[in-house]
Amino acid sequence: MKIYINGKFLSRKDAKVSVFDHGLLYGDGVFEGIRSYKRRVFKLEEHMDRLYETAHTLMIRIPLTQKQMMEAIVATLKKNDISDGYIRVIVTRGEGDLGLDPRKCYGKPNVIIITDKINLYARELYNKGMAIITVPTVRNYPEALNPRLKSLNYLNNILAKIEANNSGYAEAIMLDHQGFVAECTGDNIFIVKHGVLATPSQGRLQGITRDAVISLAKDSKIAAQERYITRHEVYTADECFLTGTAAEIIPVVKVDGRAIGAGKPGVVTLRMMKMFHSLTGQSGVKY
Ligand code: PXG
C-alpha cells in the first residue's frame with residue numbers, strides 16, 4: 001500500500017506526520033471519504049467542493065488547487081491499482097507549537113491521501129434492513145460547530161456511536177438541539193410516506209449520497225422534501241433508509257423498537273437502491 005503525503009508516495013510503515021500536528025493535537029483539519037467504482041471516482045467534484053468549503057471556513061489554506069487535488073487522488077488510486085475502493089483525503093492544519101492558536105502552526109498543512117479496498121457492510125443488512133435507535137447525544141449546535149463542516153473533530157458522532165454500540169446497535173439517529181431528527185452518526189436519513197421522500201433540512205452534513213438520492217428521485221418524478229422531521233414521523237413512516245459514501249443506501253426496518261412500515265425494505269427504498277447502483281457504475285471521473 002502506498003500513501004500520498006505532501007506529494008510523495010510512502011509505504012504504510014513510513015507514512016507518518018509529527019506528534020505536533022494540530023490535526024492530532026486538536027482535531028484541527030478537514031477530511032473526505034470518497035468511493036470509486038469500476039475505475040471511476042464517484043462525485044469527485046462534489047467531494048472537492050465540500051472539502052475546500054470546510055477548509056475555507058476553518059481558514060486552512062490547502063496547498064493544492066482543487067484540480068491538483070483531484071489529480072493526486074487519481075494518481076494514488078492508480079499507484080495502488082484500485083478499481084473499486086475507498087479514498088480518504090485528510091488535510092490537517094499542520095505542525096505547530098503546543099497551544100490551540102492556529103497561528104502557532106507553521107503554515108504548512110499536511111495533505112494525506114489513503115486508498116484502500118472497501119469494507120462493505122454484510123449483504124444481509126441490505127436484504128433484511130437494519131434496526132437502529134435514537135441516542136441521547138444531540139448533534140452539534142450549528143452555531144457552536146456546524147454539522148456541515150466535515151472536520152477531523154468527530155467526537156460528537158463518536159459519542160453517539162458509543163451509545164449505539166453500548167445498546168447493541170450499529171447505527172443511531174441523532175437529534176438536533178431542538179429535538180428534530182438530524183442524521184445518523186455517519187449517514188444521512190430518509191423517510192418515505194405515501195410515496196414521498198423526506199430528509200432533514202437542517203442540523204446535518206450535506207451528504208453527497210443524500211444529494212444524489214434527491215436528484216435521482218426528482219429525475220424519476222418521485223417527490224423529495226427537505227424539511228424538519230420528528231421521531232414520530234420516522235416511527236410512522238412507510239419506509240426508512242440511510243445514505244452515505246460507505247453504506248450507499250441501506251434500508252432501516254426498526255427504529256427505537258418500532259417496526260417501520262411492513263418491517264422490511266420498502267418498494268421506494270429498493271427502487272432508489274437500484275437507481276443508485278446503476279449511477280455509481282456509470283458516472284464519475286475516469287482513471
Ligand atoms: N453524515 C455524517 C455525519 C457523515 O459523517 C454522511 C452523513 C454521509 O455523507 P456522504 O457524503 O458520504 O454521503 C457522513 C459520511 C465511517 C465514516 O467510517 C463515515 C462517514 C465519513 C467518514 C467515515 O463510518 N460518513
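Here, each number is a calculation from the coordinates, and none is a lab measurement. Computed from a prediction, not measured in an experiment: that's the story for all the values here. In this analysis, Cβ positions are derived from the backbone assuming ideal geometry, glycine residues included, and neighbour counts consider all displayed protein chains.
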For this session: Select from segment 44-138 those trypsin sites (Lys or Arg not before Pro) which occupy a DSSP coil region and have at most 13 other Cβ atoms within 10 Å, ordered by residue number.
Result: Arg61
Seminar exercise, completed: In nanometres, the difference between 0.36 nm per residue of separation and the alpha-carbon distance of Arg271 and His194 is 26.2 nm
Problem set entry | Test item: Cα-centred dipole of the chain, Lys/Arg +1 and Asp/Glu -1 on Cβ, debye | 840 debye
Exercise. How would you rank Met272, Met1, Met59, Met70, going from fewest to most other Cβ atoms within 10 Å of each one's own Cβ?
Worked result: Met59, Met1, Met70, Met272
Problem set entry | Neighbour-count ranking [beta-carbon atoms within 10 angstrom, fewest first] of Arg210, Arg258 | Arg258, Arg210
Exercise. With Cβ to Cβ distances under 9 Å as the rule, what net charge do the other residues near Tyr235 carry (K, R +1; D, E -1)?
Worked result: 0
Problem set entry | Label-point separation, Arg61 to Arg103 (7 Å along Cα→Cβ), nm | 1.6 nm
Exercise. On a 0 to 90 degree scale, rounded to 10, what angle separates helix 208-219 from the longest Cα axis of the chain?
Worked result: 50 degrees
Problem set entry | Environment charge of His56, counting only residues whose C-beta is closer than 15 Å and scoring Lys/Arg +1, Asp/Glu -1 | +1
Exercise. Which values, in whole Å and largest first, are the semi-axes of the equivalent ellipsoid of the chain obtained as the square root of 5 times each eigenvalue of the Cα gyration tensor?
Worked result: 33, 23, 16
Seminar exercise, completed: With Cα springs under 10 Å, the Gaussian network model of the chain assigns the largest mean-square fluctuation among Ala182, Ala172, Ala247 to Ala247
Seminar exercise, completed: Residue separation between Val19 and Ala262 times 0.36 nm, minus their alpha-carbon distance, gives in nm 82.3 nm
For this session: Please report Phe20, Phe241, Phe42, Phe180 as a ranked list, fewest other C-beta atoms within 10 angstrom at the top and most at the bottom.
Result: Phe20, Phe180, Phe42, Phe241
Problem set entry | Distance in nm between pseudo-label sites at Asn166 and Ile133 (7 Å out along the Cβ direction from Cα) | 1.0 nm
For this session: Using only alpha carbon pairs under 8 Å that are at least six residues apart, calculate the relative contact order of the chain and give it in whole percent.
Result: 19 percent
